[in-house]
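Following: one structure in structure tokens, then a few remarks.
Rule-based calculations on the coordinates, nothing more; no lab input. Quick caveat: nothing in here was measured; it's all calculated off a predicted structure. Reconstructed Cβ throughout: ideal geometry from the backbone, glycine too, with neighbour counts over all protein chains shown.
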Ligand SMILES: Nc1ncnc2c1ncn2[C@@H]1O[C@H](COP(=O)(O)OP(=O)(O)OP(=O)(O)O)[C@@H](O)[C@H]1O
Ligand SMILES: [Mg+2]
């Protein structure tokens, strides 16, 4: 499904900064992968490259055997819209639109019928518990609600690959659990591949596999066994092994 | 870092924002100043130019100043709008209200001062440029030379310093009335979606329709009486149109999901409604200013064509002569020789005809009417190759007023049709038909009758002589020269048509120029309002498109949205102004009972073309800017 080979990224600037070095990673169809690592380790950078919003300096990226970075601009836009879904760290909601309008935006661009859009948005909202705020504007909702709206928008067109940057960053543990259950369900039912960046070991434990990044390099990875509880423990252990105390990782970041 | 340093850095970092505000202020000053240069031009303060024009200039100057005030105020408020968040943060971090107000005040005064100076410099160049064009295009004899406009500089400088000072105070006041949380949410919340009242929307439609219908229906002198109320009604209607009716329509569109949720419409309309409040004020200003421009230029152009066409149609001959009533035969003889001599002097070969004009009293209503022998008429007709008339023995043909003559009541020729002309032996000549003809240089309608019956008409009340000359392939300049001499030697008795038109153009030149200039100034400033409106929102626009591009927006879709957005912004006020202008010119043509369709179409058409070109240029820049950020 997704294959990264020797991927590297250097941010040019007054001082060039090497954010990623030689990343090799493969994700299968329907797999749920979490990425963890200290702040500034390059997680968002990696996600941006995979989501084609940023281009790699070196190395190769393939999604279903194609390198999207080689597509023409228009084809790339369509590709993003149809095959990928994003949940950004900063939501990226449009404040001139209501919640509902934000959610259906990707569908309107593709010219779906109004009824279909309404139905899909309704379902999505219900499962995320945001039905009551559908007609509100984005400045009238809380950070956590905004996060759920962003999730709804990312999933409404049933993408093949969903990329999420800290989808539970703003949520209380109950809401985080709901969201993770939901992501897990979608992942199972629709066979959507999921790549999620998170600082929350609880959230990470919903995945099939956790990859740890440090200083722009792959550090290690662990697979989920039979029980989630055990997996959660392994993640915690790994984080403390990587250094720093684990509270750094559960800090809420927007 | 001291607070002052902070304020200074702030300006540097937010360059684009400040530049947009600075440029729009500077441009406003420039427009006003260029206008002032002309208003205070020595050529106009001399006695030559009519009082009404001076008054007109003063009014135009006043309008420009008022509009400048609002325009600067609006650009100021949208400038502050986009900085609300910054103020909120400053307050949260402990800056006192006073400090922030002081900061904004100082910024404003500084920007205002630079804008005034810059505007004056720019205006000097602009004025020079316009004068160059004026000299080359228009017939202006006492040329509008370039002068050092000390008075204009003083007035502009004074007015705008006052204006910026007032606005700075005003702005400090606005700041105080906002709550901190609103400030922090700042640019996100900024302007809530404006609401429209159904009642006011309906009023807007009614006012506009009523204004238009009245303007189009009134005739003649009533146009003048109706003018002020109609202007008021239409101005209010226009304001409501943009602030209420348009918002109302957009909201209706937004409610209709099958339209609003279709393709890129959502991106287009959501923004439109969101910004409509800001836009409405700009649209209103632009529509009114453009209407003033269209109407000013249209009416002046119309006047000129009414005047010249009137003169042109009044005679077919190059030179016409009619003596005073008490001139003796000898005087007339001398005059005609003089005219011949002048023509000869200028090497113009001309054919000439002379006839006696006899005025009769045929009834109570028609107490003085000219009756012309068919042979006289035909001699004149032969000069210019017009059709001859051959009335039967007891028949009279009424030659009506030519179209060029403007009178309230055009019924005289019809009354003449009802009359019978009694001759000596008691028989009556019956008028048979009315024709239009400019063969004879006679202002009022007259009869043409058969030669054989002419002798039996009875005693004329009065008898005149008239003579005409038709030149054979002479240059226009030659005829003008002849006209000038005739005007010197035989004033009011003999004149040449080309010279009269030349005189009209000469006196009309400067007036037309001023009108044209005011029109252009207004139109250019309207355009710049739109331009700055567009670019104040550019940053927010970019952010939006960047966000959408992440989800995936093709170039085509981007272009489509931007295209429509810019087009709506550029054309909605202009279309309204075009309709206003068309109605105003129609009313004008009713006032003078003269068809101005060609002139109106030409003026409005040229403005449309200019606007389209302007749109294409701005769109190009805008699309490039937006595209650059999302790539
Ligand atoms: N546009 C940029 N230009 C230059 N450097 C950048 C840019 N974006 C990120 N960086 C740098 O690259 C590094 C990785 O950033 P990235 O945003 O990927 O971190 P992250 O792992 O997502 O951190 P966090 O958990 O805090 O979100 C950081 O050191 C950051 O300073
Ligand atoms: Mg990040």
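Quick look at the values:
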{"quantity": "Pairs of Cα atoms farther than 19 Å apart, the range A:92-188, %", "calculated": "36 percent"}
{"quantity": "Crossing angle, helix B:222-240 versus chain B [Cα axis fit, 0-90 degrees, rounded to tens]", "calculated": "20 degrees"}
{"quantity": "Kirkwood hydrodynamic radius of chain A, from inverse mean 1/r over distinct Cα pairs, in Å", "calculated": "18.7 Å"}
{"quantity": "Beta bridges by DSSP in the protein assembly as shown, antiparallel share as percent, to the nearest 5", "calculated": "60 percent"}
{"quantity": "Degrees, to the nearest 10: B:150-176 long Cα axis against longest axis of chain B", "calculated": "40 degrees"}
{"quantity": "Rounded Å value of the spacing that divides the Cα centres of the range A:199-233 and the range B:190-268", "calculated": "61 Å"}
{"quantity": "Whether the range B:224-282 is rounded, prolate or oblate, judged on the alpha carbon gyration tensor where a/c under 1.5 counts as rounded", "calculated": "prolate"}
{"quantity": "Sites residue B:170 and residue B:113, calculated FRET efficiency, Cβ-Cβ separation with R0 25 Å, nearest 0.05", "calculated": "0.90"}
{"quantity": "Taking B:13, B:281, B:484 and counting other C-beta atoms within 10 Å, the order from fewest to most", "calculated": "B:13, B:484, B:281"}
{"quantity": "Cβ-Cβ FRET estimate between residue B:424 and residue B:326, R0 fixed at 30 Å, reported to 0.05", "calculated": "0.55"}
{"quantity": "Translational diffusion of the range B:586-631, µm² s⁻¹ [Kirkwood Rh, Cα pairs; Stokes-Einstein; 20 °C; 1.002 mPa s]", "calculated": "162 µm²/s"}
{"quantity": "Scattering curve values for the protein assembly as shown, log₁₀ I(q)/I(0), Debye with Cα scatterers, q = 0.09, 0.10 Å⁻¹", "calculated": "-1.01, -1.15"}
{"quantity": "Estimated translational D of the range B:319-496 in µm²/s (Stokes, Kirkwood radius over Cα pairs; 4 °C; 1.567 mPa s)", "calculated": "74 µm²/s"}
{"quantity": "Degrees between helix B:15-39 axis and first principal axis of chain B (Cα, 0 to 90, nearest 10)", "calculated": "20 degrees"}
{"quantity": "Likely footprinting exposure, A:219, A:199, fewest C-beta neighbours within 10 Å first", "calculated": "A:219, A:199"}
{"quantity": "Packing-based exposure ordering (other Cβ within 10 Å, fewest first) of A:127, A:205", "calculated": "A:127, A:205"}
{"quantity": "Normalised convex hull volume, chain B, alpha-carbon set, Å³ per residue", "calculated": "207 Å³"}
